[in-house]
Amino acid sequence: MKILHTADWHLGHSINGFDRYVEQADALRQVVEVVRREQPDAFILAGDIFDTAQPSAAVRRIFSETIVEIRDAAPEMTVVAIAGNHDSGSSHEVFRRPWERLGVHVFGTVNRDDAGSHIIHVGGEDGGIVAALPYTHPRNLPAGFMDELSRMAAKASDGKKPVVLAAHTTIAGCDYSGHSSATEMSAGGIDAVRAEDLGDGYDYIALGHIHRPQTISGTGRRISYSGSLVAVDFSESYRHSVTIAEIGQHGDTPTLRREEIAGIRPLVTLPTRGFATWDHAISLLRQFPDDAAAYIRLNILADSTVPSDASAQAEQACIGKAARFCRLNMKRMEMTGEKGNHMSVEELRESDPIEIAMRFAADTGEDLSEESIDMLKSTIATVRDELRD
């Protein structure tokens, strides 16, 4: 069984008001070409298809047209897509049945009463089984649901066919690089769970949510994040890709490889490491190649002399260039030390609310109890779920 695993397309994402339709369309074109070349048995899109719960008509159109192109590129392939925490699960459910007529299985919400409805058969005798679990807060899952899901997937496999789980969550101990709001307890607003909490008996677990491509250590390549399709944040300073996973039969160790997706307009930070004075940073921007398409962020030491019209000067420096200036990331000198408990404006904007609350409590000499943290997590999760729906 060959699987193309991708996730975190974040279609409709914009950066500082700049629409990213062209580069996202180019990335999707590359995905279609990988499908055409690889001819996988299953195509798994593991959540965060859209960047917001209410994408525009144009964004919905590029998704639907791409899925049709993907199916045309490999007519025998089964497509499985699940909602992530950025998606509106209920919206994905609206067109679930029409999509199934095209061999596309879209899961927006969890069927709490029937775990078996999340099981998809891929191919014939030489195919496999995919258990598809869209994002939901753990409190919304009935007790024993994950065990029941893995049991039913194993039963469908007859002990022979490869068994795969598609899910959208945070695994404790994985590399959160690219998620500036990550703590040991959560990343991107989703609390971390243990790998074993996902259930037993899966030959491969195709995950979404964490933007850095990686396999989870200690799992024998069984659990993997494909990563985001294009960089969503300036901190995602790594290559982006889709994952090709191949499994012979149930019980075999999967073989994995990454197929890189080239970005036609990368996110670039100047200087590439650390922070610089204003004079040095604006000089780097002026020297940036005129024909290099990119989004630019300047890392500035706020202790240096920074003019009041710094952003205007940076925009002026990009006139005639293919690059687009996005933002200044200001940081005071003392904030660079390991013991500094201050945050830049950008760090504050992107940080997890729990982390901010804990840092505030530490600064004021208080200690947040586990009960207070749990209550805060529950409140945040409720608000986010309401925004999704």
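The values are calculated or read from the model by the stated rules, or taken from the named source; none is laboratory data. Please read these numbers as outputs of a predicted model, since none were measured by experiment. Positions of Cβ are generated from backbone atoms using ideal geometry, with glycine treated the same way; all protein chains shown enter the neighbour counts. Please note that ligands, DNA and RNA were not included when accessible areas were found on the heavy atoms of the full protein model with its side chains. Shrake-Rupley method; radii C 1.70, N 1.55, O 1.52, S 1.80 Å.
Can you list residues whose amide H is under 5 Å from A192's amide H, if they're 5+ apart or on another chain and H is modeled 1.01 Å from N?
S186, A187
According to the square roots a ≥ b ≥ c of the eigenvalues of the Cα gyration tensor, what is the shape class of the stretch 68-135, taking rounded for a/c under 1.5, prolate for a/b larger than b/c otherwise, and oblate for the remainder? Can you show the working numbers first?
Values: a/c = 2.12, a/b = 1.31, b/c = 1.62.
Because a/c hits 1.5 or more and a/b fails to exceed b/c, the stretch 68-135 counts as oblate.
Could you give the length gained on full extension between Q249 and E184, defined as 0.36 nm per residue of separation minus the Cα-Cα distance, in nm? Kindly include the intermediate steps, with their values, before the conclusion.
Working: separation 65, 0.36 × 65 = 23.40 nm, distance 3.53 nm.
That works out to 19.9 nm of additional length.
Given springs between every Cα pair under 10 Å in a Gaussian network model of the chain, which of G189, G227, G251 has the largest fluctuation?
Largest GNM mean-square fluctuation: G251.
So who's got an amide H within less than 5 Å of the one on A81, skipping anything under 5 residues away but keeping other chains? H placed 1.01 Å off N, in plane.
It is L45, H105, V106, F107, by chain and number.
As a test of reading the structure, rank M152, M1 by solvent-accessible area (1.4 Å probe, protein chains only), most first. Mind showing how you got there, number by number?
Details: M152 60, M1 25 Å².
Most to least solvent-accessible, the answer reads M152, M1.
Using a Gaussian network for the chain with springs between C-alpha atoms less than 10 Å apart, which of these wobbles most: H240, H179, H280?
In the Gaussian network model the winner is H280.
Can you work out the Karplus-derived ³J(HN,Hα) for every residue in the stretch 296-302? Use 6.51 cos²θ - 1.76 cosθ + 1.60 with θ = phi - 60°, whole Hz, and x for glycine or proline.
Once rounded to whole Hz, the list reads 10, 10, 9, 8, 10, 6, 5.
For the chain, which span is the longest to avoid every loop-located (per DSSP) member of GluC sites (Glu not before Pro) having at most 15 other Cβ atoms inside 10 Å? All intermediate terms of the calculation are to be shown ahead of the outcome.
Numbers: sites that count: E76, E125, E184, E338, E366.
By the stated rule (loop sites, at most 15 other Cβ atoms within 10 Å), 185-337.
Give me the distance in nm between label points sitting 7 Å out from Cα along the Cα-to-Cβ direction at R151 and E125, one decimal.
About 3.0 nm, to one decimal.
Have a look at V79, V193, V130 and tell me which one the Gaussian network model of the chain (Cα, springs below 10 Å) gives the largest fluctuation.
Taking springs between Cα atoms under 10 Å, the residue moving most is V193.
Separation between the R327 and H280 pseudo-spin-labels, each 7 Å from Cα along Cα→Cβ, expressed in nm?
The two pseudo-label positions are separated by 2.3 nm.
Return the carbon/sulfur percentage of the accessible area of the chain, one whole number, probe 1.4 Å, all protein chains in place. Let's see the in-between values first.
Working: 8830 of 18200 Å².
About 48 percent, which is the carbon plus sulfur part of the accessible surface.
If each residue of separation counts as 0.36 nm, what is the full-extension length gain between D19 and Q287 once their alpha-carbon separation is subtracted?
Fully extending the segment from D19 to Q287 adds 94.0 nm.
With a ≥ b ≥ c the root eigenvalues of the C-alpha gyration tensor of the stretch 1-153, is it rounded (a/c under 1.5), prolate (a/b larger than b/c) or oblate? Before the final figure, lay out each step's value.
Details: a/c = 2.11, a/b = 1.21, b/c = 1.75.
Oblate shape, in that a/c is at least 1.5 and b/c is the bigger or equal ratio.
Any chance you could run the full-extension gain for R61 through R139? It's 0.36 nm times the residue separation minus the Cα-Cα distance, nm to one decimal. Don't jump to the answer; show the numbers that get you there.
Numbers: separation 78, 0.36 × 78 = 28.08 nm, distance 3.32 nm.
Value of the extension gain: 24.8 nm.
For the stretch 191-200, what does the Karplus curve 6.51 cos²θ - 1.76 cosθ + 1.60, with θ = phi - 60°, yield as ³J(HN,Hα) per residue in whole Hz, taken in order and with x for Gly and Pro?
5, 6, 10, 6, 4, 5, 5, 7, x, 9
With loop defined by DSSP as not H, G, I, E or B, and exposure as at most 16 other Cβ atoms within 10 Å, which is the longest segment of the chain clear of exposed trypsin sites (Lys or Arg not before Pro)? The partial results should precede the final answer.
Values: sites that count: R101, R112, K160, R194, R221, R239, R273, R332, K339.
That would be 1-100.
Quick one: what are the phi-derived ³J(HN,Hα) couplings along the stretch 111-126, Karplus 6.51/-1.76/1.60 with θ = phi - 60°, whole Hz, x for glycine and proline?
Karplus-based 3J(HN,Hα) across the stretch 111-126 equals 7, 4, 9, 8, 4, x, 5, 9, 9, 10, 8, 10, x, x, 4, 9 Hz.
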